[in-house]
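Can you keep this structure in mind? I'll have questions shortly.
The values are calculated or read from the model by the stated rules, or taken from the named source; none is laboratory data. Because the structure is a prediction, the values reported are computed rather than measured. Quick reminder, even Gly has a Cβ in these numbers, built from the backbone with ideal geometry, and neighbours come from all protein chains shown.
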Amino acid sequence: MAISPELLEILRCPKCKSEVKLKEDQSGLKCQNEECGLVYPVRDEIPVMLIDEATKE
């Protein structure tokens, strides 16, 4: 895993400021707020934390 646990600890959803967790397939970071639930992509081992780039699952 290229994203360090320390980085995951400080990253937050830009939309609702909730915690994000790495998806099992490591393709994105999912917001843990059920009302938000956005998934931010990870490209070339770099999280893209832009609301416009996020998808809804």
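Would you check which residues across the range 5-46 are loosely packed, with under 10 Cβ neighbours inside 10 Å, among the charged types (D, E, K, R) and over 15 Å from Glu57 (Cα atoms) and list them?
Selection gives Glu6, Glu9, Asp44, Glu45.
If the requirement is being touching a residue at least 40 places away in the same chain (Cβ under 8 Å) and touching a strand residue (DSSP E or B) at 6+ places or on another chain (Cβ under 6 Å), which of these qualifies: Pro41, Pro47?
Going through Pro41, Pro47 in turn, the sole match is Pro47.
Does Leu8 satisfy being in a strand (DSSP E or B) and under 10 Å from the mean Cα position of the chain (by Cα)?
no
Let me ask you something else. Out of Lys56, Lys21, Lys17, report the one residue that is at positive phi and without any contact (Cβ under 8 Å) to a residue 40 or more places away in the chain.
So the residue among Lys56, Lys21, Lys17 that is at positive phi and without any contact (Cβ under 8 Å) to a residue 40 or more places away in the chain is Lys17.
Identify, by number, the condition in (1) out of contact with any strand residue (DSSP E or B) (no Cβ under 6 Å at 6 or more places or on another chain); (2) modelled with pLDDT under 95 that Glu57 doesn't meet.
Among (1) out of contact with any strand residue (DSSP E or B) (no Cβ under 6 Å at 6 or more places or on another chain); (2) modelled with pLDDT under 95, the lone unmet condition for Glu57 is (1).
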